[in-house]
Each structure stands twice: as C-alpha cells, then as structure tokens.
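Please read the structure below before turning to the comments.
The values are calculated or read from the model by the stated rules, or taken from the named source; none is laboratory data. Note that the coordinates shown come from a computational prediction; the quantities given were computed from them, not determined experimentally. Every residue, glycine as well, gets a Cβ built from its backbone with ideal geometry; the counts of neighbours run over all protein chains shown.
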Amino acid sequence: MKVLVLNSGSSSIKYQLFHAANWRVLAAGAVNRIGEPRGEFSGRWRDADGEEQGFALDQTIANHREGLGRIVARLRETQVLAGEGDLTAIGHRVVHGGEAFQRPTLIDGAVMAVIRGMSPLAPLHNPANLAGIEVALNLFPGVPQVAVFDTAFHQTMPPAAYRYALPEELYKAHRVRRYGFHGTSHAYVSRRAAALLGKAPQECNLITLHLGNGASATAVRGGESIDTSMGLTPLEGLVMGTRCGDLDPAIHFYLANNLGMDIQALDDLFNRRSGLLGLCGVNDMREIHRRIGQGDSAAALALEVFCHRLRKYLGAYWVELGRLDALVFTGGIGENDAEVRARTCAGLEGMGILLDEAANQARGQGERRVTRAESPVAVLVIPTNEELEIARQTLEAIERIDSRSGMFPASSTVS
Ligand code: AMP
C-alpha cells in the first residue's frame with residue numbers, strides 16, 4: 001500500500017512516496033529547472049535498513065515526461081518501489097478546481113477537460129499540473145490517480161463570503177468570485193489542531209494562518225472553511241513576500257492613467273514587486289529581522305504592515321466565527337517566527353489569548369501550544385504537511401469509491 005504524491009509546476013516536479021499503512025515517507029525529492037540547460041534532480045529515500053540516503057544530480061531534463069521517468073527509475077533503483085502493482089494510488093496537486101470540484105476526484109478524461117477549462121483562472125499552475133497528470137497516466141495506466149485541489153477546502157464558503165460586490169453577470173457567465181487557495185494546508189492544520197485540542201473537527205472554531213512566501217488566513221467552523229483571505233487568484237488578502245494583497249482597486253486606474261502602466265506591468269508590479277519586497281527591498285522574513293536589527297526603518301515598517309494586515313483579518317474572522325477555540329500558525333514564517341506570532345497576539349488578553357512568552361520563543365520543530373494552560377483560546381504552531389494531506393485525501397477518495405461500488409470502477413469521479 002504505497003501512495004505517490006506529485007506536485008507538477010511549470011518547470012519542476014516534486015514527489016513524495018508514502019507507506020499508506022503508517023504514512024511513513026519512503027522517498028521524497030524534486031526535479032527542477034525542467035527545459036533549462038542545467039536541470040537538477042535531488043532526493044532522499046530510506047534504504048532496507050531504514051537509514052536515510054540522499055542524492056543530488058545536475059542533469060538536463062527536457063520535459064515533464066523525462067522528469068517523471070527519472071523519478072520513477074530512481075524509485076525502482078533504490079527499491080522503494082517494486083513496480084506498478086506496488087502503488088495503490090497517485091495523488092496530484094491541482095491548484096484550481098473552480099466550483100466544479102469540492103472534493104478529491106478520481107482523474108479521467110472528463111475531469112482533465114474540466115481542469116483544462118479552469119486554466120484561465122490559474123494560467124501558471126493548471127496547465128503545469130495537467131502536464132504531470134498526463135505523463136503519470138501514461139506511465140501508470142493501471143493505477144488510480146486522484147486530483148486534490150487547493151481550492152476545494154474553501155468550497156464550503158457561503159455566497160456572502162465568496163461573492164464580490166460586482167454585477168451578477170460577472171459571476172454567472174465569467175466565474176468571477178472568491179475561491180481561496182492553500183486549501184490543503186488549511187485542511188491539514190485544522191485537522192491536526194482539533195486532534196491537539198482533543199476535540200472532533202466538527203466541534204472546533206479555528207483561525208488558521210498560513211504564513212510563507214504566499215500567505216492566507218482562513219476561518220474554519222466545525223471543520224469547514226467559512227471565509228478565507230485569497231480570492232479569485234492568490235493575490236488578494238494578506239501582505240506576502242512579493243504580492244501586495246488587498247488594495248484599493250482604483251490604484252489600477254490611477255497607475256494606468258498617470259504612469260501609463262498596462263495590464264502586464266500592473267500584474268508584474270502587484271504579483272512580483274510588491275509585498276515585503278516592495279516595502280523594504282527583500283522578501284525573506286529572516287533578512288527583514290536582520291535589517292531591523294541594524295536600524296533599517298523600511299524593514300521595520302514592512303514587518304509592521306505585514307502584522308497590521310494579519311490582525312485585521314484575525315479580528316474579522318473572530319467576529320464571523322463568534323467563538324474561537326484556537327489560532328493556528330503554519331508556513332515558513334508562522335512556524336518559525338516568534339516575533340510575528342507575538343506581534344499578532346499582542347494585547348489580545350481581553351479576547352482570551354494569553355501567550356506563553358517562553359513557549360513562543362522556544363525553538364521547536366514540532367506541533368506545539370504557545371499559550372498558557374489557562375488561556376481560553378489556544379495558539380498552536382503546527383508545521384504544515386501538504387504532501388501528507390494529499391496522500392491521505394487520495395486514499396480516502398479511492399476508499400470512498402470502493403465502498404460505494406464494491407469494486408474500483410474504470411472511470412468514475414468523486415465530486
Ligand atoms: P514558505 O513559503 O512556507 O517556505 O516560507 C518562506 C518564508 O518563511 C520566507 O519569508 C522565510 O524568510 C520565512 N522563514 C523561514 N524560516 C524562518 C525563520 N526561522 N524565521 C523567520 N522566517 C522564516
């Protein structure tokens with residue numbers, strides 16, 4: 001019982017192979033810079049004695065077919081994968097499922113056509129995700145393959161949260177609405193948070209903060225997303241590494257009219273030259289702290305703007321939920337940056353957050369609670385694990401089909 005998770009980007013394929021019985025990682029790695037003169041292929045695996053081994057190779061990788069071919073050859077050489085029969089399923093990360101997919105879905109031609117149809121909403125991601133799916137279907141025609149969507153977790157949002165105040169026609173005919181992203185991460189940490197609180201997910205009200213280079217906040221009621229900060233695209237919401245998050249839409253007209261900026265230039269500005277990078281010249285939060293230590297006022301302001309925006313969402317989602325069991329931090333910043341956590345929670349004692357300063361500052365790797373025992377609201381740090389969530393959801397989707405039909409159908413979807 002092994003599950004292979006694939007995350008295909010435009011120039012990379014990341015993979016993890018899990019043992020489904022205990023969710024142990026048997027192998028993991030990535031091919032990067034596909035199609036470039038100097039590609040690279042690196043990974044690690046457990047040998048027969050359970051020892052971790054690793055490799056890093058520079059090699060030209062022409063396309064996704066060759067990339068996945070090398071990954072599979074490696075898995076066989078290192079004997080973590082015996083062959084097709086050794087694989088229970090393959091789970092694929094797919095960024096945009098639109099409104100069509102609310103759950104992980106068994107992939108067939110019709111599903112691929114719908115994913116392709118979503119490409120205008122995620123032009124950088126969906127075509128790359130599909131490239132990986134096509135190659136994997138060719139290599140493993142007998143293995144069930146499941147698409148796990150970044151957007152699916154947020155499909156439980158009510159219309160009040162997902163509709164923009166725009167003419168209905170734009171929603172009905174052109175699908176302009178809020179979708180939300182990072183859903184696999186928010187789903188994973190929500191489930192882990194409930195386990196840490198000793199409750200069923202249905203009993204928990206949570207605000208989950210995924211703070212990495214991309215960042216989003218989600219309000220989770222009873223295990224379901226009821227609001228999230230990203231929108232039609234992953235540009236809306238929080239301040240991110242290079243993305244601006246929320247803006248007055250009239251800034252577009254102002255820049256176009258007064259600076260002559262066209263759509264391409266605005267896209268580049270908001271997605272790649274804004275956020276922390278735009279505010280202070282760097283997008284790495286560790287470097288921002290280093291610069292603040294040297295008296296850099298732009299870096300100090302960048303951190304303030306980042307936390308200010310975060311607290312606005314925290315307040316909004318707390319009101320939406322009405323009652324909060326836990327605030328969850330994850331992502332590179334959320335998991336590692338004690339100062340961001342402390343600033344986010346500062347002055348919220350009256351609302352039930354009693355931070356444990358020492359626990360918050362302690363350098364830890366694993367899941368932990370950083371509030372005092374008597375704090376009515378828990379603050380939890382939970383390292384995200386999107387690959388594991390994809391693997392679990394993949395297996396659940398297969399089992400759901402199995403239990404419904406008593407056998408595995410050649411072509412059916414779970415949606
Ligand atoms: P991710 O996209 O989840 O990999 O997160 C990337 C972000 O996490 C970058 O802004 C990093 O600077 C930040 N990060 C990683 N480690 C730390 C750390 N120890 N302290 C503060 N920020 C960190």
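Report yes if some residue within the stretch 222-238 is more than 16 Å from Arg177 (Cβ to Cβ), within 16 Å of the ligand (Cβ to nearest atom), outside any helix (DSSP H, G or I) and not small (Gly, Ala, Ser); otherwise report no. Yes: one or more hits. Residues in the stretch 341-358 that are part of a helix (DSSP H, G or I) and in contact with a strand residue (DSSP E or B) (Cβ under 7 Å, 6 or more places away or on another chain): 3 in all.
Here is a yes/no grid of residues against (1) under 30 Å from Ala200 (Cβ atoms); (2) in a helix (DSSP H, G or I); (3) within 21 Å of the chain's Cα centre (by Cα):
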{"residue": "Asp248", "(1), (2), (3)": "no, no, no"}
{"residue": "Asn271", "(1), (2), (3)": "no, yes, yes"}
{"residue": "Gly278", "(1), (2), (3)": "no, yes, no"}
{"residue": "Ala302", "(1), (2), (3)": "no, yes, no"}
{"residue": "His308", "(1), (2), (3)": "no, yes, no"}
{"residue": "Gly315", "(1), (2), (3)": "yes, yes, no"}
{"residue": "Trp318", "(1), (2), (3)": "yes, yes, no"}
{"residue": "Arg323", "(1), (2), (3)": "yes, no, no"}
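Just name the residue that is farthest from the ligand (Cβ to nearest atom) out of those in the stretch 287-300 that are charged (D, E, K, R) and either surrounded by 16 or more Cβ atoms within 10 Å (Cβ to Cβ) or part of a loop (DSSP other than H, G, I, E, B) (or both). The selected residue is Asp296.
For the structure I just gave you, tell me whether Gly241 is small (Gly, Ala, Ser), within 16 Å of the ligand (Cβ to nearest atom) and assigned to a loop (DSSP other than H, G, I, E, B). Spelling it out, Gly241 is indeed small (Gly, Ala, Ser), within 16 Å of the ligand (Cβ to nearest atom) and assigned to a loop (DSSP other than H, G, I, E, B).
With respect to the conditions (1) small (Gly, Ala, Ser); (2) surrounded by 15 or more Cβ atoms within 10 Å (Cβ to Cβ); (3) within 23 Å of Val146 (Cβ to Cβ), Ala21 falls short on a single one, namely (2). Inside the stretch 73-100, residues that are surrounded by 17 or more Cβ atoms within 10 Å (Cβ to Cβ), more than 25 Å from the chain's Cα centre (by Cα) and either part of a loop (DSSP other than H, G, I, E, B) or among the hydrophobic types (A, V, I, L, M, F, W, C) (or both) make up a count of 4. Scanning the stretch 268-286 for residues that are more than 13 Å from Met240 (Cβ to Cβ) and exposed (fewer than 15 other Cβ atoms within 10 Å of the Cβ) yields Asp268, Gly281, Arg286. Among residues of the stretch 202-222 being of a type outside the set (S, T, N, Q) and surrounded by fewer than 18 Cβ atoms within 10 Å (Cβ to Cβ), the one that is nearest to Glu320 (Cα to Cα) is Gly222.
Close Cβ contacts (under 6 Å, 6 or more residues apart or on different chains) running from residues in the stretch 334-349 that are under 20 Å from Glu374 (Cα atoms) and modelled with pLDDT of 95 or more to residues that are more than 8 Å from the ligand (Cβ to nearest atom) and of a type in the set (Gly, Ala, Ser) are absent. Of all the residues that make up the stretch 330-368, how many are surrounded by 13 or more Cβ atoms within 10 Å (Cβ to Cβ), more than 12 Å from the ligand (Cβ to nearest atom) and hydrophobic (A, V, I, L, M, F, W, C)? Qualifying residue count, the stretch 330-368: 8. Any residue in the stretch 366-373 that is in a loop (DSSP other than H, G, I, E, B), touching a helix residue (DSSP H, G or I) at 6+ places or on another chain (Cβ under 7 Å) and at pLDDT 95 or above? Looking for residues that are in a loop (DSSP other than H, G, I, E, B), touching a helix residue (DSSP H, G or I) at 6+ places or on another chain (Cβ under 7 Å) and at pLDDT 95 or above, one finds at least one in the stretch 366-373, hence yes. The residues of the stretch 197-218 that are within 18 Å of Tyr317 (Cβ to Cβ), away from the ligand (no atom under 12 Å from the Cβ) and aliphatic (A, V, I, L, M), listed by number, are Leu197, Leu206, Ile207, Ala217.
Among residues of the stretch 229-251 that are among the polar types (S, T, N, Q), those with a Cβ under 6 angstrom from a residue that is outside any loop (DSSP other than H, G, I, E, B) and more than 16 Å from the ligand (Cβ to nearest atom), sequence gap 6+ or separate chain, pair up as Ser229/Tyr313. Summed over the stretch 192-201, residues that are in a helix (DSSP H, G or I) and either in contact (Cβ under 8 Å) with a residue 60 or more places away in the chain or surrounded by 15 or more Cβ atoms within 10 Å (Cβ to Cβ) (or both) total 6.
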